[in-house]
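Here is the structure we will look at, set down as structure tokens.
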Amino acid sequence: MDQNRQSPTRLPLRSAPAFRDLRNNIRLNELNHRQRTQPVEADRDAGSQTPYSRAAGSRSTFTTSQQSNINSRNESETNVLIQENNDIAAPLNGVQPASIIHEHRSSGGGGPMQHYSRRPIWDDIWLPLACIHGSMLLELCCLAVLISVYKVHGEKGLFSEPQGWRDQAQPSYILLNVPATWLTFVTSRAPQFAGMLAGPLMDLWAWKIAQSMVEASADVEENGLPTVYQFSLLIGIALASFDRLRRWTSYRSCRRQRKRAQRSPKLLNRAGLLLYLWLFLMGLTFAADTLIHYTTATIEFHKVSQSGNIQSQGRGLSQRCLTMDRIENYGWPCSLNNLESEDDYLQEHNEMLFLSHNSSETSEIHFFQSNVSNFAMLLPKTSTLSPYVDFRASTIGVETRCKPITYRCNLTSWGPSDLYSNFSCSPNFWGILGKTINQTDSDLSPLALKVGTNLFVAFFADEEFKTPYNTVGYNTTTGEPDSSAPIWTDDKLQNEVRVTFAARFASTAIRAGTDLSLDAGFYKGPNSVYDIILSCSYQSLQVNYTWFNGTIQDIAFEPVQNGTISEIWHGRHVPHSVTGESSSLQAILAQAAVQPSSTAFAQAWADLYSPVIMATVGGVMAGRANELQQERSPMLVVKLWIPALTSLVFCCLCYIVAGSILVYLALRTASLGDFSDARTRLGIYGIADWAASANMTRQTGMLCKEQKIENEALLVGFAGDATQGYHYVVQAN
């Protein structure tokens, strides 16, 4: 079959009906319709009725006689048209078709370029232009609104960086206070728009195709016209048909078909490449949108604002403590205030009890550990604090340090079955461990306290235990109140107070698998008990801390400059007491006994002793205004990668630029000539009109606008069968 294929024969322009109509239209436009004869004008008026509306009679099929009549009528009218064309062409004095196109472009030999009105073309190009520019401008405007209105402008705040601050500080990201679905909904429209814009883009390019085909028709020898099959590809590509683009690709690329196929004209190749360009741009837009979806994340961001209502989360001495006169209160501290009402007294001691069991409704004790110091500090009830209100406040802390000094106290065993341990650390601190409590017990240093058979306590002003810390004015010999002993004034009170402990615990109270008998910090006699002497000191601290994001941060502390707060704990102890049992100290001893060494025992004792002091001190504390305060508003924001957004914006701008270029080319084409009818005939409507007119009376003139079609008088159907094949037939309606 391929061997019998004949090369297509190029018909001269004067003998081809399609080219003759083209030449007539060009010449008629050149003469501004002034050289049209009245019959031609009348015929054109009649020709405004398209094959869709040209018919006579009722619906019927074509018979053999009807077909013969139609063929005769076509032949007759063709002769008339040839004569008419010769009449019109006579004044041209033999000018060739190429000259016709040239004269169509100029107004006289060597004269200036004749410009045609561009206004009529706007009726055809405004809709595709609006689709291209409108869709992409809408996409860009939506993105611009999202970014300008919902972009997060956060502040670092007064304290640590809030949640999401580092994400905002990254230069390649922006944060948007919108749901992620909003952003993805907007960005997903871009590839959808891109997929729908191939038709409008090719619709604008069709004007350039029409111009190229008109010019190629005027100069057949240039081989710029498509074959019938190529024309089918051209029409399909102009309509953005993927199937026709695929067939054109195969037609151009398939090696076997390429060798035998007619050379593709430039107008077909340009149309195919242009449609490929739109497909590539559409894929690029889809990739940009996918990149946005892949790189976008939803994160938590806290927006910081200054708080107008400053709260009182700090802690300091209450007003009653600050105004109380210790001398008037017999030297006792405000924790034993005899000058206040009973309700105030009970309220303070209830708070001490609640704090010791960590059940207070307003405050709690927090133990802070670091490489520098371990201390207990008083905080507001953290369970009632908002994690989104940050503040910096001051409070009071208590630090205790202990070390074993058993080797300095000359411990010896004596008494029945060597149950007693005698110790003597200094003339002001000595006693007997293990001996039953006795009201008249003389085996106790005068200003010491015996809170059990196994526990002694004494306070000193120095580390050598030479000067008892006698702030109330007791007799240093008898331990009884002495009116002649002076009461220390507040300026003489020490912040760092020395306190010494002598303790005993049974060998059954230690940790399993631990042997403390070889530890020099303990004394073990012939019985299964351990004795230890501790030298401790405690002091009150001024603590500044930050409450941020539900955690305590930036703790800074320094010793208080006076001893008023330390005296709150010391002043409660009555010296030479042998009945003041202390469950708190016994609990501390039980917990320290399970430590693996005397050093660990001393550290555990210090860490447990500080909260006990803090519970008493905290009972007489009151709120203090925060030094700094801010509020954070948590929100979920979209973290958008700027390069991904830029790529999508670039693709949208490419469509806008492409639409502008195609509109410019269409307008430029309109300025060179009236190609509107040629443009119309490149569409499905023009092809259908041409096909339907093949067996009907030949009509001349411009193709009727689709908007003006009123009476559709012809029907299109199939004739033939499945074995012989089908062909189109046109019949009257």
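The numbers here are math on the coordinates, done by the rules we state, and not lab data. All figures in this text were calculated on a predicted structure; none of them were measured in a lab. Reconstructed Cβ throughout: ideal geometry from the backbone, glycine too, with neighbour counts over all protein chains shown.
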Full-extension gain in nm, SER517 to ASP343, via 0.36 nm per residue minus C-alpha separation = 57.5 nm
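FRET efficiency for ASN562 and THR412, Cβ-Cβ distance as r, R0 = 56 Å, nearest 0.05? Please list the in-between numbers first.
Numbers: r = 41 Å, r/R0 = 0.74.
Between ASN562 and THR412 the formula returns 0.85.
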Would you please put 204-217, 628-641 in order of how densely packed they are, using the mean number of other Cβ atoms within 10 angstrom per residue and starting with the highest?
-> 204-217, 628-641
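How much FRET efficiency would the formula 1/(1 + (r/R0)^6) give for GLU712 and ARG252, where r is the Cβ-Cβ distance and R0 is 35 Å, rounded to 0.05? Mind dumping the intermediate values first?
Working: r = 38 Å, r/R0 = 1.10.
For R0 = 35 Å, the calculated efficiency reads 0.35.
Once you charge only the Cβ atoms, +1 for Lys and Arg and -1 for Asp and Glu, what is the size of the charge dipole of segment 504-567 about its Cα centre, to the nearest 20 debye? Please list the in-between numbers first.
Details: 3 positive and 6 negative charges, 57 e Å.
Value, rounded to 20: 280 debye.
Among rounded, prolate and oblate, which fits segment 583-733 when a ≥ b ≥ c are the square roots of the eigenvalues of its C-alpha gyration tensor, a/c under 1.5 means rounded, and a/b larger than b/c means prolate? Intermediate values should be presented prior to the final figure.
On the way: a/c = 5.80, a/b = 3.83, b/c = 1.52.
Taking the square roots of the gyration eigenvalues as a ≥ b ≥ c, segment 583-733 is prolate.
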Using 0.36 nm per residue of separation minus the Cα-Cα distance, give me the extension gain between ARG624 and THR646 in nm, one decimal.
-> 2.7 nm
Projected label distance in nm at THR599 and MET635, using a 7 Å step from Cα toward the beta-carbon = 5.5 nm
Between SER305 and THR453, with labels modelled 7 Å along Cα→Cβ, what's the label distance in nm to one decimal, could you check?
-> 6.7 nm
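Classify segment 292-433: rounded, prolate or oblate, from the alpha-carbon gyration tensor (a ≥ b ≥ c, eigenvalue square roots; a/c under 1.5 rounded; otherwise prolate if a/b is larger than b/c)? Before the final figure, lay out the partial values.
Values: a/c = 3.28, a/b = 1.65, b/c = 1.98.
Oblate, because a/c is 1.5 or more while a/b does not exceed b/c.
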Report the charge-dipole magnitude of segment 402-611 in Debye, nearest 20, computed about the Cα centre from +1 at each Lys and Arg Cβ and -1 at each Asp and Glu Cβ.
-> 460 debye
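Relative contact order, percent, of segment 282-373 when contacts are C-alpha pairs under 8 Å separated by at least 6 residues? Mind dumping the intermediate values first?
Values: 20 pairs, mean separation 9.5, N = 92.
Over segment 282-373, the number comes to 10 percent.
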For ILE661 and ILE487 in one chain, what is 0.36 nm times their gap in residues minus the Cα-Cα distance, to one decimal in nm?
-> 52.6 nm
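Given a Förster radius of 41 Å and the C-beta distance between PHE231 and ALA169 as r, what FRET efficiency does 1/(1 + (r/R0)^6) yield to the nearest 0.05? Each step should come with its number before you reach the end.
On the way: r = 61 Å, r/R0 = 1.49.
With R0 = 41 Å, the Cβ-Cβ based efficiency is 0.10.
Using unit Cβ charges (K, R positive; D, E negative) and no other charged atoms, how large, in debye to the nearest 20, is the dipole of segment 421-526 about its Cα centre? The partial results should precede the final answer.
Numbers: 8 positive and 12 negative charges, 91 e Å.
Approximately 440 debye in magnitude.
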Around LYS524, with a cut-off of 15 angstrom between Cβ atoms, what is the net charge of the other residues, counting Lys and Arg +1 and Asp and Glu -1?
-> -3
Too long at a 20 Å Cα-Cα cut-off: which of LYS156/LYS639; LYS156/LYS303; LYS435/LYS524; LYS403/LYS524; LYS466/LYS524?
-> LYS466/LYS524
For segment 402-611, shape from the Cα gyration tensor axes a ≥ b ≥ c, cut at a/c of 1.5 then a/b versus b/c, turns out oblate
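Neighbour counts of other C-beta atoms within 10 Å: give me ASP462, ASP167 arranged from fewest to most. Numbers along the way, then the final one.
Working: ASP462 12, ASP167 18.
With the sparsest Cβ surroundings first, the list reads ASP462, ASP167.
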